[in-house]
Amino acid sequence: MSPRRGADPAVGERIRGRRLLRGWSVRFAASRAGVSHATWSRIERGLQAADNRFTLAAIAGALECAPADLAGIGVPAPDRTTAAAQAGVLGLRRALIDIDLTEPPAGDAPAEDAPPGGAPPVAELSRRVALADALHAACDYAGAARLLPGLLRALHTETAGPDHPEALRLLCDATHIASSVLRSLGHPSDAWLAAERCRDAADAADDPLLRGYAAYALAGAAIACGSYQRGQTLAERAAGDLGRHLGRPGGSEVLGQLHLVAALASRFRHRLDDSRDWLAEAAVLARRTGETDTKGLFFGPTNVDIWRMSIEVEDGDPALVVEIARRTDPAAIPAGVRQVFYYADTARALARVGGRDREAIRFLLVAERIAPQHVRTSVELAEAIRVLLERSRRQAGGTELRALSERMQVN
């Protein structure tokens, strides 16, 4: 049997090495991952690509490691900006550890994180949170990672002052942004810590809408860590609680996002029908709200379609993804952090459909232009590029693809 779909033998070797280190049989390891032992065996032998993020995540979860450890790309940093984003993770992690609301502000922040002259007024902190949100929406993770540590500490200080209600709301927003940035950079456990700080701020504010907003961050981080049942439970429980507060501004938008993350958790749990049901409920809400930018979530019909594309591109229906892409205008969401998924998942679907590699490459290049830091740290896209690159080599073409693979350090 010859390798198919551009399988990378090195991925299979890493999987086999980690399995043997634990002394497990293929059948036992496959049962832990919820995949067939035949599929696991083919991947180990380099006969089948592990380019499906759900399969790769399941195998990584079974082996108790990160998908990036198996893909072998870690968190590539082929350019200064992407390297700067990764370099900022330590400072952000340190700030998240420090801003425990059960403790008073430390007052001994590192010089590079400490705001000059003490914490700025809350109005200035609000402007900085808006800037962090804008940087995140543009996928400028390096810029957000530089801004957030000092901002988090300043907000922590202000939660003990007279403007504490507003400071808590802003802290909830800032930690939510931090969680998303860390998740996008491939640091899910740090994203979970940020989401916990978001929940702490929401609880201290005693605001049900903020609790739902924090639960969305927690569910996303849990899924990124491979805890799919936990993510599902968090989303479902928060959706039930928030249902009593839909009359509040933003309630429907946060509820809609909880439905979307529940759909993703269901898909990771191999419950595609449940996932589609959650997507349908989100679509109903989106028809009522229209396109929105509430709390930087961008909930609306376009975002629901982009989430549907991300879910269907795996073991669902890649042809459906291409059809959804055809009728969807990503420009309806003025945020690269969502548009990049539209272009990246369309490229992955086109690659899976077959015979449309040139289109797939074009979509990948658009995704990279919109959000280079995001694309160059994506395990899923690295695997898709390996598949396209192998086919390109056989067909003696693909100059643009080879250039992209070099920028992503994909061999």
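The values are calculated or read from the model by the stated rules, or taken from the named source; none is laboratory data. Small disclaimer: the values here were computed from a predicted structure and weren't measured. We place every Cβ from the backbone using ideal geometry, glycine too, and count neighbours over all the protein chains shown. In case anyone asks, the SASA skips ligands and DNA or RNA and just uses the protein heavy atoms, side chains included. Shrake-Rupley method; radii C 1.70, N 1.55, O 1.52, S 1.80 Å.
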Any residue that is open to solvent by less than 10 Å² (accessible area, probe 1.4 Å) and over 24 Å from Thr346 (Cβ atoms) - is there at least one of those in segment 254-265? yes
Of the residues in segment 288-317, those that are closer than 20 Å to Asp357 by Cβ and crowded, with 21+ Cβ neighbours inside 10 Å come to Met309, Glu312, Val313, Glu314
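This table checks each residue for (1) under 25 Å from Tyr141 (Cβ atoms); (2) of a type in the set (Gly, Ala, Ser); (3) out of contact with any helix residue (DSSP H, G or I) (no Cβ under 7 Å at 6 or more places or on another chain); (4) modelled with pLDDT under 85.
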| residue | (1), (2), (3), (4) |
| --- | --- |
| Phe341 | yes, no, no, no |
| Ala347 | yes, yes, no, no |
| Arg356 | no, no, no, no |
| Glu383 | yes, no, no, yes |
| Leu389 | no, no, no, yes |
| Arg393 | no, no, yes, yes |
Would a scan of segment 353-370 turn up a residue that is in a loop (DSSP other than H, G, I, E, B) and crowded, with 21+ Cβ neighbours inside 10 Å? no
All positions within segment 139-175 that are among the small types (Gly, Ala, Ser) and open to solvent by 60 Å² or more (accessible area, probe 1.4 Å): Ala160
Checking Pro165 against (1) farther than 20 Å from Asp133 by Cβ; (2) in a helix (DSSP H, G or I); (3) in contact (Cβ under 8 Å) with a residue 24 or more places away in the chain; (4) of a type outside the set (A, V, I, L, M, F, W, C): exactly one of these is not met. Which one? (1)
Long-range neighbours under 7 Å by Cβ, at least six apart or interchain, first residue among the acidic types (Asp, Glu) within segment 262-284, second assigned to a helix (DSSP H, G or I): Asp274/Ser266; Glu281/His259
Check off (1) open to solvent by 10 Å² or more (accessible area, probe 1.4 Å); (2) under 19 Å from Cys172 (Cα atoms); (3) out of contact with any Pro (no Cβ under 7 Å at 6 or more places or on another chain); (4) small (Gly, Ala, Ser) for Ala205 and give me the number that stays unchecked. (3)
Spot the failing condition for Gly296; the list is (1) under 22 Å from Asp173 (Cα atoms); (2) at pLDDT 95 or above, and only one is missed. (2)
